[in-house]
Structures are given as C-alpha cells and as structure tokens.
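**Q** I'd like to ask you about the structure that follows.
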Amino acid sequence: MSEQSTPGTGTRSDVMISLRDVSKRYSGADAEAVRPLSIDIERGEFLVLVGPSGCGKTTTLRMINRLVEPSGGEIWVDGKNATRVDADELRRHIGYVIQQVGLLPHMTIGENVGLVPKLLGWGKDRIRQRVTELLDLVGLDPDTYRSRYPKQLSGGQQQRVGVARALAADPPVMLMDEPFGAIDPITRGHLQDEFLKLQARIRKTIVFVTHDIDEALRLGDRIAIFDENARLAQLATPLEILTNPADDFVRSFIGDGAALRRLALLRVGDLPAVPGVGIRDGVEVEPDETVSAVLEKVLAAGSDSAVVRGRGSLTVQDMLLATAVRDESAVAT
Amino acid sequence: MSFFDYVSANSEIIGFLLLQHLQVVLLAVGFATAISLGVAIGTERLPRVRAALLATSGTILTIPSFALFGLLIPVFGLGVAPTVLALTVYAIFPILRNTVTALETVDGAVIDAATGMGMGSGRRLRIVRLPLAWPVILNGIRVATIMVVAIAAIGAAVRGPGLGELIFRGLSRIGGANALNEALSGVVAIVVVALLLDVLFLLIGKLTTPRGLHV
Ligand SMILES: Nc1ncnc2c1ncn2[C@@H]1O[C@H](COP(=O)(O)OP(=O)(O)OP(=O)(O)O)[C@@H](O)[C@H]1O
Ligand SMILES: [Mg+2]
C-alpha cells in the first residue's frame, strides 16, 4: 500500500481562503487597522468576524477581494495568491455584500441582481430565471419587486436584494458585511434561519461580519472575536467560546447568560438520555432540536420531561444539569 | 412703422438669422460638451492637471466677450470660425465644472459595490458613474447654452453669424428709419431662442434622466 502520509497536503486542498500574516495600516494612521492575522478558512466553512466598531472587520473582508490592498502578508483564495491574479476576475467569483448595501439606483432590482451574471456573459433567459429564483429565496415576490427601483424599497428590503445580488452568479466564496444590519429582529431571525438552511444545501465558504454576538453564535461554524485594538482575542467554535472564553474581553463581549446561550447551541441528541422509552410520558422531540427549543416545548406543554426519538427520555432537570456538567468538565480540561 | 409691422415685414431675414444663431450656439455647446467630458474623464488620475484646467476655463469667463472676439481676429479672421471658437471656450467652464463635481460625488458605496462585483474602471464609468452623473452634467450644459446664446450676439462684431447682426446694425444707425425696431427684433429673437432651448433641455432631461433616479 502506498499510503502517503504527507501531513498538510490533505488539509491544504480543503482550505479555501488563507490569510497569512495579513495586516493593514491605512496611510496616515498611526495604528494598524488589522494586526498581522493568520486564519485558514475551509471550503464550505461559515466564519464570522465579530467585534466592536472600528476593530477592522470590514478592512479584513475587503482585503480578501482586494478592495483594500494589504500592507503586509499574503491572501490565498482557492489555491491562488489573490494579489497575483486579475482583481476583476477574482471579484466576479466572490460574492460581496457591502455594509452600505450600495444598490445601483438607476437600475431595477432585477437588473441589480442580474448584473454579475451579465458581466459573466449569461444569456437573457438564464439571468431572468436566476433573478426570479433569488428574489424568492430572500423573500421578495419577484413579480412585485423585479421592476422596482432601489429607492422604492425599504432599507431591509434593499439589504435582502444586496444578498441576492451577491449570490447571483453562485460564487463559491461569499463576503458578507453586516448583511442583516438594517432588518428588524423578527425578519432577521427568519433570514438567519433561511440562510442557514441555504448554506446547509449550497455549502459556500462564507466570511460574515457582524457586531452582534448572538448573530455570530447562531450562524458561525467558527467565530473570530476582535477587540477594539484589532487584536484577535479568540478564534473558536461558538460552543467553545461560550464554554471557554479566552480572556476577559471575550467574556465581557459575550455578556451575561453564557450558560443560557449554550442551551441554544446544544442539541438534545448530544445529551445522555435515560433509555427506556415509555417509562415516562413526555413531549416527543427530535435529536437535532436544541436544548432551549426542547425546554420551551416541554414547559409550554406543562410537562417535565421530553422523549428524544430513538434515544430515551430527558427531564427538565437532566437538560439543565447536563449543560452544567459539560461546563465543569470543559473548565477542568 | 410699429415693431410688429417691422417684424412681419422682415420675418424672413429674422427667421434666417434666428436659425443661424441657434446653429452656432448648438455647435459650440456640442464641442464644449465633448471637450469637457474628455477632459473630466482624461484627468481622473491627474487631479492637479484637472484643477489647473478647471481654473483656466473659469478665468476665461472673466475676459469680456467683445475683447475675446477681437483678439481672435488676427488668428482666425472674421466670420463663423472665431465665433464658434469663442463660444466653445466660454461654454466649457459650466459643463466641465458640473461634470467633475458630478463624477466625484457619485455615492461611494455604489462605486464600491460595482468594483466588488468585478467591474473595471471603464465599465464603472460607462455603466454606473456617467448615468448617475448625467442629470448634473446636463444641467451644466443647459447653463452653458443659455449663457452662450447671449454672448453669441457679440459675434456679429467679427462678422459672425446670428441675431447679433440685427442688433449691431440697428444700433449703429440709431435715429435712422426703423433702427430701433431692428435692434429690438434682434433682442427679442435672442430671448425667444433662449426660451426655446430651455424648454428643449427640460425635455431632454425628462427623457434621459435614468428612471430610478426620479421615482
Ligand atoms: N479608507 C480608510 N482610510 C483610513 N482609515 C480607515 C479607512 N477605512 C477604515 N479605516 C480605519 O480603520 C479602522 C478599521 O475600520 P473598519 O471599517 O475595518 O472597522 P469595522 O470593524 O468594520 O467597524 P464597523 O463595525 O464600524 O463597521 C478604523 O479605525 C477606521 O477608522
Ligand atoms: Mg465595518
């Protein structure tokens, strides 16, 4: 057997975006907007950059599609050194949702969404079909909105068009700068759900900027937390960040209620259930439901336990304690 | 002879000169527009050159038109050429200034988004910046046109075409038969030309402003 165990080669090809000691100092500024930063983002990964205003999130994002030239370091996208390829060509394959939305005011919503496909030379019918599909996806009725102009839409609707536009040519990489910032909490939650479902299906490599830690915890496979001095305070999974905040900054950034937030991330299938279905009666739930959702159901039903399909039953106390136990074990390691 | 009798008796010559006047003005504004757009676009990466040209074209406006026409005689002789040239030079400043301002003030977020989509600078100019700047540019062209309609009358001093001829001839023989009527008919006709052109620009503006900008 010619088992070649060259460490790194296997994982290397799975890295979609590689930031290598990337830094940025704007001319005239005395502090670095981005301190030397190294992150490997895997193909299909959803990375969230989170931190207070001015910590360099937008700058980091814009260095990936070269709207900002790095002062130092290298950026590799899909195995190519991004600074060595044609910038326009690079950008046509990276969807970019800019913080200020930036729809072209003289073009209709349909024309805005169809712009990159047009630049890529798609045929008219294919573009039209794609626009319909995308407007549906972001929850805007294509018949109503296709021929409207950006000024005729609310801020939140414009943001959704911005997301549709970035998705238009089905780019493997998406850079999203606070794409849900101007949207009310309810619609935002809805869009986040939709987006997670979409992402589960299309598996794009996404770098997503927000200053909302809840949004970050909800969406990210991994989260990079920056402090106000542009220092990378922690890069880890949501659960790890809630369980093991790296320092006081991270702790204060998460704020109160880390334990409760964790309930929204843990799935009941991961908890040790008591086998023996039917011994107790309880609310029936699926293993991939989150602990907080299940608690909600159980309490709402006036019950005190849940039956996890194929696993066993869990009492309210089991669920609360299980997370507490994880907490201790996590702290101990 | 009353003014109206004078005009109806001389309607043919007045109409002819009016058309000539219109032609000279449109020709000059056309040249000035082409030059201004060329300069504004050509100097995007040369801010100093741009500022210098803008200042120069502004300074030219302060030269009394009578003097400018006179100064052009030794070089271009008499007639159409010096008139069109002088009018072009006057028309450049309002158009150039508006073009530069309009291109510079297009919303940065929109340009960022366009760049991020992979539009090069040529496409950005053609697909995004010029259409968005157009209403302001057009307004510059309109101001330049109205201004030049009046200045064109002075062209008659160098035997230029247009309605100035009526005014100059009338004034030079003031006291003579119908002298005042002749000068007055020139003035009124110029006002008519100015009004006509203003309406024309209103129409052009309505027809060419991208719909999304005035919804
Ligand atoms: N074009 C620029 N020229 C000079 N300085 C800039 C420029 N863009 C950003 N900066 C500075 O760089 C730092 C990081 O800015 P950046 O926009 O990346 O922050 P951010 O994390 O996206 O903030 P926010 O959450 O407010 O959007 C800030 O101090 C900002 O003032
Ligand atoms: Mg930002």
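**Q** From A:Leu90, A:Leu135, grab the single residue that is surrounded by 15 or more Cβ atoms within 10 Å (Cβ to Cβ), more than 7 Å from chain B (Cβ to nearest Cβ) and either over 21 Å from the mean Cα position of the chain (by Cα) or not in a helix (DSSP H, G or I) (or both).
**A** On the way: A:Leu135 fails: either over 21 Å from the mean Cα position of the chain (by Cα) or not in a helix (DSSP H, G or I) (or both).
Result of the check over A:Leu90, A:Leu135: A:Leu90.
**Q** Scan (1) open to solvent by less than 60 Å² (accessible area, probe 1.4 Å); (2) at pLDDT 90 or above for the single condition A:Arg231 breaks and write down its number.
**A** If we test A:Arg231 against (1) open to solvent by less than 60 Å² (accessible area, probe 1.4 Å); (2) at pLDDT 90 or above, just (1) comes out false.
**Q** Which residue, of A:Ala230, A:Ala182, A:Ala224, A:Ala216, is within 16 Å of ligand 2 (Cβ to nearest atom) and at positive phi?
**A** One residue alone meets the criteria, A:Ala230.
**Q** Being within 14 Å of chain A (Cβ to nearest Cβ), surrounded by fewer than 20 Cβ atoms within 10 Å (Cβ to Cβ) and touching a Gly at 6+ places or on another chain (Cβ under 8 Å) narrows it down to one of B:Ala183, B:Ala109, so name that one.
**A** One residue alone meets the criteria, B:Ala109.
**Q** Let me ask another. Let me confirm something: among A:Leu153, A:Leu115, which residue is within 13 Å of chain B (Cβ to nearest Cβ), surrounded by 15 or more Cβ atoms within 10 Å (Cβ to Cβ) and in contact with a Phe, Trp or Tyr (Cβ under 8 Å, 6 or more places away or on another chain)?
**A** Result: A:Leu153 is the single residue among A:Leu153, A:Leu115 that is within 13 Å of chain B (Cβ to nearest Cβ), surrounded by 15 or more Cβ atoms within 10 Å (Cβ to Cβ) and in contact with a Phe, Trp or Tyr (Cβ under 8 Å, 6 or more places away or on another chain).
**Q** Next question. Looking only at segment A:50-63, decide whether some residue is away from chain B (no Cβ under 14 Å), within 16 Å of ligand 2 (Cβ to nearest atom), open to solvent by 60 Å² or more (accessible area, probe 1.4 Å) and modelled with pLDDT under 95.
**A** The answer is yes; a qualifying residue exists.
**Q** Follow-up question, since we're still on this one. Given A:Asp86, A:Asp30, which one is over 30 Å from A:Ile241 (Cβ atoms) and within 16 Å of ligand 1 (Cβ to nearest atom)?
**A** The match here is A:Asp30.
**Q** Is there any pair with a first residue in segment A:39-59 that is outside any strand (DSSP E or B) and of a type in the set (D, E, K, R) and a second that is open to solvent by 10 Å² or more (accessible area, probe 1.4 Å) and away from ligand 1 (no atom under 16 Å from the Cβ) whose Cβ atoms are under 8 Å apart and which are 6 or more apart or on different chains, and what are they?
**A** Pairs found: A:Arg43/A:Asp14; A:Arg43/A:Val15; A:Arg43/A:Pro172; A:Arg43/A:Arg203; A:Glu45/A:Asp221; A:Glu45/A:Arg222.
**Q** In addition: Touching a strand residue (DSSP E or B) at 6+ places or on another chain (Cβ under 6 Å), open to solvent by 50 Å² or more (accessible area, probe 1.4 Å) and modelled with pLDDT under 90, is that true of A:Asp288?
**A** yes
**Q** Going residue by residue through segment A:139-150, is there one that turns out to be within 14 Å of chain B (Cβ to nearest Cβ), among the acidic types (Asp, Glu) and either assigned to a loop (DSSP other than H, G, I, E, B) or under 19 Å from B:Met119 (Cβ atoms) (or both)?
**A** No, segment A:139-150 contains no residue that is within 14 Å of chain B (Cβ to nearest Cβ), among the acidic types (Asp, Glu) and either assigned to a loop (DSSP other than H, G, I, E, B) or under 19 Å from B:Met119 (Cβ atoms) (or both).
**Q** If B:Ala150 satisfies all but one of (1) within 14 Å of chain A (Cβ to nearest Cβ); (2) under 20 Å from B:Ala86 (Cβ atoms); (3) not hydroxyl-bearing (Ser, Thr, Tyr), what's the number of the condition it fails?
**A** Among (1) within 14 Å of chain A (Cβ to nearest Cβ); (2) under 20 Å from B:Ala86 (Cβ atoms); (3) not hydroxyl-bearing (Ser, Thr, Tyr), B:Ala150 violates only (1).
**Q** On to the next question. Restricted to segment A:96-112, and to residues that are surrounded by fewer than 21 Cβ atoms within 10 Å (Cβ to Cβ) and within 24 Å of the chain's Cα centre (by Cα), which residue is nearest to the other protein chains (Cβ to nearest Cβ)?
**A** A:Gln100
**Q** Based on this model, can you work out whether A:Ile213 counts as within 12 Å of A:Leu49 (Cα to Cα), modelled with pLDDT under 95 and open to solvent by 10 Å² or more (accessible area, probe 1.4 Å)? It would help to see each step written out before you state the result.
**A** Values: within 12 Å of A:Leu49 (Cα to Cα): yes; modelled with pLDDT under 95: yes; open to solvent by 10 Å² or more (accessible area, probe 1.4 Å): yes.
In short, yes.
**Q** Also, quick follow-up: (1) under 17 Å from the mean Cα position of the chain (by Cα); (2) open to solvent by 60 Å² or more (accessible area, probe 1.4 Å); (3) more than 16 Å from ligand 1 (Cβ to nearest atom); (4) facing chain B (nearest Cβ under 9 Å): which one isn't true of A:Arg43, the others all being true?
**A** (4)
The values are calculated or read from the model by the stated rules, or taken from the named source; none is laboratory data. The shown structure was predicted, so the numbers you read here are calculated from the model rather than taken from an experiment. Cβ coordinates were reconstructed from backbone atoms using ideal geometry, including for glycine residues, and neighbour counts include every protein chain displayed. Heavy atoms of the whole protein, side chains included, go into the accessibility calculation; ligands, DNA and RNA do not. Shrake-Rupley method; radii C 1.70, N 1.55, O 1.52, S 1.80 Å.
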